[in-house]
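The values are calculated or read from the model by the stated rules, or taken from the named source; none is laboratory data. Keep in mind it's a predicted model, so treat the numbers as computed, not measured. Cβ sites come from the backbone with ideal geometry, for glycine too, and all protein chains shown count toward neighbours. All accessible areas refer to the heavy atoms of the entire protein, side chains included, with ligands and DNA or RNA removed. Shrake-Rupley method; radii C 1.70, N 1.55, O 1.52, S 1.80 Å.
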Amino acid sequence: MTTSSGSQSTPSRVLGTADAVTVGAAAMIGAGVFAVFAPAAEEAGAWLWVALLIAAVVAYCNATSSARLAARHPESGGTYVYGRERLGELWGYIAGWAFTVGKAAACAAMALTFGAYVAPEWARPLAVAAVVALTAVNYRGLRTSARLARVLLAAVLAVLAAVAAVGLLGSEANPAQLAVSGHWPGFFGLLGAAGMVFFAFAGYARIATLGGEVRDPATTIPRAIGIALAGVFVVYLVVAAAALAVLGRDGLAASSAPLADTVAAAGWPELVPVVAVGAALASLGALLALILGVSRTVAAMASDGHVPRSLAATHERFGGPHRAETAVGAAVCLIVLVADLRGAIGFSAFGVLVYYAITNASALRLGPRENRPPLLVPVVGLAGCLVLAFTLPLSSVVSGAAVIAAGAAVWALRRLVLDRRA
């Protein structure tokens, strides 16, 4: 089964493997890497490496399930399409709803992070300006977006390379800080830290949600997801090692800007502004890729009538879902004006984990002739997503579950109205 039952518009297939890897890596290496290791170290303490490994395993399972499903369903929409085709309309809708609201919150978080690094006193106006500017870039099509994502990613990787170099090679580095030892943080501490680190991994699904715009998707999507995830995992390992070697676990846990503090403690205070610029650019790169993915999911849901069908329209010149992009940009601007940054991140993490849980459940329905992954992969991915989701802070769990339940209620009401009309 390679087609969908939905009446989806046909966009242009313009992305090759390098472009798809760039979009996925830019989505993963966002502002999270500049902040996530501090709260994770606070939760996991000496077991930060174990938390990082748990997050990586869950991410690998999710990536494998996403890749196999995307190869069978090469359409824009990601798990919205997979859930609909493999589990039924309701599960596809819940996946699309969880992704849309969760990632809209993530867009706002990235925009607010950008504003906070550039000029804290003007954070919200700058965040709105960033959303408007990057929505305009996406409006002009994927080629333009992919080129900008490549430039932003290169700049951020250069900053992270500088942090790693001064942290690991400087005289202040203490390799003994990297040893796994100390007080056991408890399962909730360890898994809570893994959930936070997983937030920094999320992004490879952006490749799958662009399935309708990738050349030779059966080959390109699995290859791009694997390359992007492996590369980002190595980057996170190196950067975390640099921060731990210089600051130690207690210093890292207490830091509000861990990578800036790392270069300062390593004897390179002149690099602090460079790190700040890198964080701002990373936020822009993540925001660019996030708006891309959310707008494609909205367009896929619109083509099936779950949101206004007019949002499925494809631009005649640029080939993208321009109305969905505009609507997503407007919604994110509204969230930026009212959102709390910490709450937005927790809510987003819950939505993302629900989305990937449905991804793995969908992968369990692949047949033996559909290149399905080994059974252990989607089982571990499904269990891991659910466990990490429900070990997040209670406020994130309650708000996330309430919004997803509200979305399911809207779907049920719509089905009731349609059935009565029939």
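Seen against the Cα atoms of the chain and their longest principal axis, helix 89-118 is set at about 40 degrees. In the chain, the longest principal axis of the Cα atoms and the axis of helix 48-72 are about 20 degrees apart.
Name the most mobile residue of 353, 178, 244, meaning the one with the largest mean-square fluctuation, in a Gaussian network model of the chain with Cα contacts below 10 Å. Largest GNM mean-square fluctuation: 178. The order of 323, 124, 415 by accessible area, most exposed first and with a 1.4 Å probe, is 323, 124, 415. Near residue 36, no amide H atom lies under 5 Å from its own; only residues 5 or more places off or on other chains count, and H is placed 1.01 Å from N.
Quick one: putting +1 on the C-beta of Lys and Arg, -1 on the C-beta of Asp and Glu, what dipole do you get for the chain around its Cα centre, in Debye to the nearest 20? Before the final figure, lay out each step's value.
On the way: 27 positive and 19 negative charges, 300 e Å.
Approximately 1440 debye in magnitude.
Exposure check, 1.4 Å probe, all protein chains in place: residue 337 carries approximately 100 Å² of accessible surface.
Helix-only estimate, please: 222 nm mean residue ellipticity of the chain, summing -39500 (n - 2.57) across DSSP H runs of length 4 or more and dividing by its residues, to the nearest 500.
On the way: 16 runs with 309 residues, N = 422.
Calculated mean residue ellipticity at 222 nm is -25000 deg cm²/dmol.
Computed over protein heavy atoms with a 1.4 Å probe, the accessible surface of the chain works out to 39 Å² per residue. The portion of the accessible surface of the chain made up by carbon and sulfur, rounded to a whole percent, is 67 (1.4 Å probe; DNA, RNA and ligands excluded). For residue 49, the accessible surface of its heavy atoms amounts to roughly 50 Å² (probe 1.4 Å, protein chains only, rounded to the nearest 10). Solvent-accessible surface (1.4 Å probe) assigned to residue 168 amounts to roughly 70 Å².
For the Cα atoms of the chain, what angle does the longest principal axis make with the long axis of helix 123-139, in degrees from 0 to 90, nearest 10? It works out to around 50 degrees.
Put 19, 216 in order of accessible area, largest first, 1.4 Å probe: what do you get? Mind showing how you got there, number by number?
Values: 19 30, 216 95 Å².
Highest to lowest solvent-accessible surface, that is 216, 19.
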